[in-house]
Amino acid sequence: MAHSQALSRVAFPLKSARKLLKSLRKQKLDAVVAKALASPSADLKPDLEEIDRYSKLLALLEPRWTPDFGIAAVVAILCITLAAFLWSEPVRRTNVSLAVETQSVRAIFARDWEFEPSFRSSTMHFERLSTIDAPNLDLALVTNPGDAWLKLDGGQIELQSLQVKQNASWEAVSDSDQLSLFLGAQPVEGRITVRGKVSVTAGPADGKKTLEKQFDLPIPETISFTAKDPRGVPAQLTVHSPRDWSLGKLPVSALSFSSERAGGPGDRTLTSGVRSGTVQFSDAPWPPIQLFENELLSVNQTGKARVELRGKEGAMHVTLSGPVRNVTLGDEQAERVLAPSYLEYFYNQKSFAFFWSAVIFLWGVIWSVRKTVLR
């Protein structure tokens with residue numbers, strides 16, 4: 001008997017047995033239907049019991065994993081991988097609103113630009129210039145290394161304009177009694193007007209003086225200057241006791257409120273000029289981020305955002321609104337790169353579409369599992 005059962009298992013493997021049972025059940029079902037149609041009063045109970053036995057045997061022989069399990073598993077893995085990517089990958093552009101009170105800010109200009117800052121003061125000085133030209137003041141300096149300097153004291157002094165080239169670096173440092181602008185990496189041109197009783201001092205290099213003279217100018221005179229930055233050392237423009245000022249919209253490609261300072265040989269530290277501020281992400285359901293004093297902050301790829309800078313009472317106020325790459329907080333040891341993920345972005349931008357997309361996605365996963373496990 002055991003030998004006969006073994007032969008039966010060999011002769012009828014599970015796959016063939018299922019196929020045979022399905023064929024027998026179908027034949028019996030067709031016969032029962034034909035019998036019922038031919039004789040509505042016929043006794044169908046034995047036939048139905050036989051069909052039921054075939055169904056129970058098929059249920060016992062049905063494998064746990066169906067032949068299309070591999071396809072379903074691949075689909076499920078792809079869905080999970082896509083969901084993980086959307087959850088973890090930050091968007092390439094995010095809209096940010098930023099307002100910062102700071103004492104220092106750095107930027108890279110995204111294009112050539114000429115602006116009229118209209119800095120007014122009674123004292124200004126300029127360092128590391130290439131040329132200084134004021135014919136009516138007997139002043140004409142040309143230095144190849146770019147070490148010329150100029151100091152103006154008294155009267156009415158106005159920094160009328162500055163012209164910078166694309167990719168020029170720019171840093172502003174402000175405190176209670178002066179504002180310093182550092183411009184480098186690309187050529188810079190500027191004009192100053194002076195009026196009244198003004199002391200003009202200038203020289204071709206530090207420690208050298210070619211002009212030191214007092215002028216009484218009833219009509220404004222113009223002083224032109226350039227800085228070519230031949231050695232990678234930025235020109236410095238310092239305005240003492242500046243009045244309230246505004247630079248308007250700045251076309252910059254990167255914005256940072258931290259700067260690197262050398263403390264000694266091989267010793268360089270990052271410092272921040274941030275005093276207070278907030279950062280708000282429009283594309284993410286996050287609350288506004290409060291900035292703390294001296295917190296390191298930078299904003300990347302700001303070329304399409306609106307950046308404005310103004311000065312009041314010894315502090316600089318920077319506002320930014322528009323698309324950026326991301327916002328970075330902290331130093332290398334505790335750095336946080338902030339940008340919403342694609343999932344957060346889609347949810348925040350298209351709530352209704354996101355809801356139905358999530359429903360369809362979950363339904364597809366559940367349906368695949370049902371077909372795989374519950375067949």
>> Taking 22 Å as the cut-off for C-alpha to C-alpha distance, list the pairs among Lys165/Lys312; Lys151/Lys197; Lys151/Lys312; Lys165/Lys304; Lys165/Lys209; Lys228/Lys249 that go past it.
In response: Lys165/Lys312; Lys151/Lys312; Lys165/Lys209; Lys228/Lys249
> If each residue's Cβ is checked for other Cβ atoms within 10 Å, how do Arg53, Arg243 rank with the fewest at the top?
Replying inline: Arg243, Arg53
> Under a 5 Å amide H to amide H cut-off, with H placed in plane at 1.01 Å, what residues pair with Gln186 once short-range neighbours are removed?
Replying inline: Ser169
> Working out 0.36 nm times the residue gap between Asp244 and Lys208, then minus their Cα-Cα distance, what length gain in nm do you get to one decimal?
Replying inline: 9.6 nm
>> Please rank Phe109, Phe215, fewest neighbouring Cβ atoms within 10 Å first, as an exposure proxy.
In response: Phe215, Phe109
> What is the count of Lys pairs in the range 14-61 whose alpha carbons sit under 23 Å apart, if the two are 8 or more places apart or on different chains?
Replying inline: 16
> Peptides 18-26, 144-152: what's the order by average Cβ count within 10 Å, highest mean first?
Replying inline: 144-152, 18-26
> If only Cα atoms are counted, what is the Rg of the range 181-223, and what is its Dmax, in Å?
Replying inline: 13.2, 37
> Per residue, how much space in cubic angstrom lies within the convex hull of the C-alpha atoms of the range 111-248?
Replying inline: 100 Å³
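Bear in mind these aren't lab numbers, they're just calculated from the coordinates by the rules spelled out. This structure is a prediction, so every number in the text was calculated from the model and none was measured. Glycine gets a Cβ as well: all are built from the backbone with ideal geometry, and neighbour counts include every protein chain shown.
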